[in-house]
Amino acid sequence: MRDVLLGLLPGTLLACGLFGFGLLLQLTVAVTVAVVSEALVLRLQQRPVLTTLRDLSAVVSAGLLALCLGPLVPLWCVAVGAAFAILVVKQLFGGLGRNLFNPAMGAYVFLLLVFPAELVFWPTAVGMDAITAATPLAYMQDGLGGMATTAELFAAPDYARLEAYRFVWLSLAWLAGGVWLLWRRTITWHIPLAMLGGLFLAASVLYLYDDMRYPAPWFQLLMGGSLLGAFFVATDPVSSPASPRGRLLYGLLIGVLVCGIRSFGNYADGVALAVLMMNAVVPLLDAWARPRVLGT
């Protein structure tokens with residue numbers, strides 16, 4: 001967990017520089033609420049509080065949730081999400097090692113369904129007359145829904161192109177943190193490579209079919225939470241398969257689902273939904289990919 005927090009550091013610092021240091025306040029609120037919620041449950045269960053909190057799993061879940069929400073989400077919404085991640089998604093399933101779903105993504109989808117208006121906008125980089133803006137994925141989805149073509153949307157106003165550049169740099173920061181995790185052997189290569197490969201292949205098929213309707217594969221990879229999800233979310237050791245073969249199929253299907261949700265669904269990004277759907281399938285993947293016992 002400490003390695004994961006260190007891997008998140010480059011992207012977090014860059015996000016503060018790009019979107020404002022209000023993100024630090026949100027991280028503080030999310031981590032505080034998550035740790036207090038976990039301590040409360042542990043006390044009620046008469047389990048050792050400090051010993052369990054030292055695993056830093058609550059801090060990682062809260063940090064991922066705050067980074068996914070965006071710096072304009074109200075603090076009360078961040079607090080509700082952090083409490084839901086720990087109390088409902090994690091502890092109601094039995095705590096660390098027993099939760100079926102990723103706590104951060106479960107809380108994110110909960111907030112997305114209950115408070116959708118609070119999660120829409122991000123701060124823009126252009127002028128004081130345009131304080132908020134949609135993410136590049138939301139901008140693309142809205143434009144395509146309005147019968148515009150990808151060529152017309154890529155020839156967008158300067159502010160939209162500037163937003164895209166900012167998300168490119170942020171994605172590269174998540175990639176740097178992911179490489180750190182791979183170097184430290186905190187995660188294996190199977191899920192990130194399979195997820196990004198599945199997203200790239202699915203996006204390439206759609207792009208070759210109709211490049212005026214579906215954006216290029218590089219756009220799918222670098223915009224939104226693709227790289228953050230591939231290295232820091234989908235690789236959660238509790239809610240992902242145990243075997244290498246299961247991890248490859250798990251990551252591949254997440255990438256395909258992300259592309260499908262973005263292209264045909266109602267949500268601009270699809271990482272959280274795809275991860276949760278595949279979390280539910282992990283027991284089946286573990287059963288299917290169980291190694292054969294020697295001699296049988």
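Conditions (1) surrounded by fewer than 24 Cβ atoms within 10 Å (Cβ to Cβ); (2) among the small types (Gly, Ala, Ser), marked per residue:
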site	(1), (2)
204	yes, yes
207	yes, no
218	yes, no
226	no, yes
232	no, no
240	no, yes
243	yes, yes
246	yes, yes
250	no, no
Check your understanding: Does residue 15 satisfy the criteria of being closer than 18 Å to residue 88 by Cα and assigned to a helix (DSSP H, G or I)?
Key -> no
Check your understanding: Out of the residues in the stretch 43-61 that are of a type in the set (Gly, Ala, Ser) and under 20 Å from residue 178 (Cβ atoms), which is modelled with the lowest pLDDT?
Key -> 57
Check your understanding: Scanning the stretch 276-296 for residues that are assigned to a loop (DSSP other than H, G, I, E, B) and touching a helix residue (DSSP H, G or I) at 6+ places or on another chain (Cβ under 9 Å), which turns out surrounded by the most Cβ atoms within 10 Å (Cβ to Cβ)?
Key -> 289
Exercise for review: Pick out, from the stretch 164-275, the helices (runs of 4 or more DSSP H) lying fully within it that include 2 or more residues that are among the small types (Gly, Ala, Ser) and in contact with a Cys (Cβ under 9 Å, 6 or more places away or on another chain).
Suggested key: 190-209
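Residue under question is residue 6, and the condition is that it be assigned to a helix (DSSP H, G or I), touching a residue at least 60 places away in the same chain (Cβ under 8 Å), surrounded by fewer than 15 Cβ atoms within 10 Å (Cβ to Cβ) and not assigned by TED's automatic domain parsing to the domain that holds residue 176; does it hold?
yes
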Review point. Going through the stretch 60-107 one residue at a time, which ones are part of a loop (DSSP other than H, G, I, E, B) and either crowded, with 24+ Cβ neighbours inside 10 Å or out of contact with any strand residue (DSSP E or B) (no Cβ under 7 Å at 6 or more places or on another chain) (or both)?
Key: 73, 74, 94, 95, 96, 97, 98, 99, 100, 101, 102
Practice item. Given the conditions (1) touching a Pro at 6+ places or on another chain (Cβ under 8 Å); (2) more than 28 Å from residue 11 (Cβ to Cβ), report the number of the one that residue 284 does not fulfil. Key: (1)
Study note, to complete from the structure: Checked pairs for the stretch 222-234, first over 11 Å from residue 274 (Cα atoms), second among the aromatic types (Phe, Trp, Tyr), C-beta under 6 Å and 6 or more apart or across chains, list as 223/167; 227/174; 228/174
Check your understanding: Which pairs have Cβ atoms under 8 Å, sit 6 or more apart or on different chains, and link a residue in the stretch 99-119 that is assigned by TED's automatic domain parsing to the domain that holds residue 67 and on the phi < 0 side of the Ramachandran plot to one that is crowded, with 24+ Cβ neighbours inside 10 Å and of a type in the set (Lys, Arg)?
Key -> 99/90; 103/90
Revision key, fill the gap. Restricting attention to the stretch 28-59, the residues that are assigned to a helix (DSSP H, G or I), within 14 Å of residue 96 (Cβ to Cβ) and hydrophobic (A, V, I, L, M, F, W, C) number exactly 9
Study note, to complete from the structure: Reported set for the stretch 15-30 where residues are at pLDDT 90 or above and either surrounded by fewer than 18 Cβ atoms within 10 Å (Cβ to Cβ) or over 17 Å from the mean Cα position of the chain (by Cα) (or both) is 24, 25, 28, 29
Point to revise | Number of the exception - residue 113 against (1) among the hydrophobic types (A, V, I, L, M, F, W, C); (2) in a helix (DSSP H, G or I); (3) more than 17 Å from the chain's Cα centre (by Cα) | key: (3)
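The values are calculated or read from the model by the stated rules, or taken from the named source; none is laboratory data. Source: prediction; values computed, not measured. As a convention, Cβ positions derive from the backbone with ideal geometry for all residues, glycine included, and neighbour counts pool all protein chains shown.
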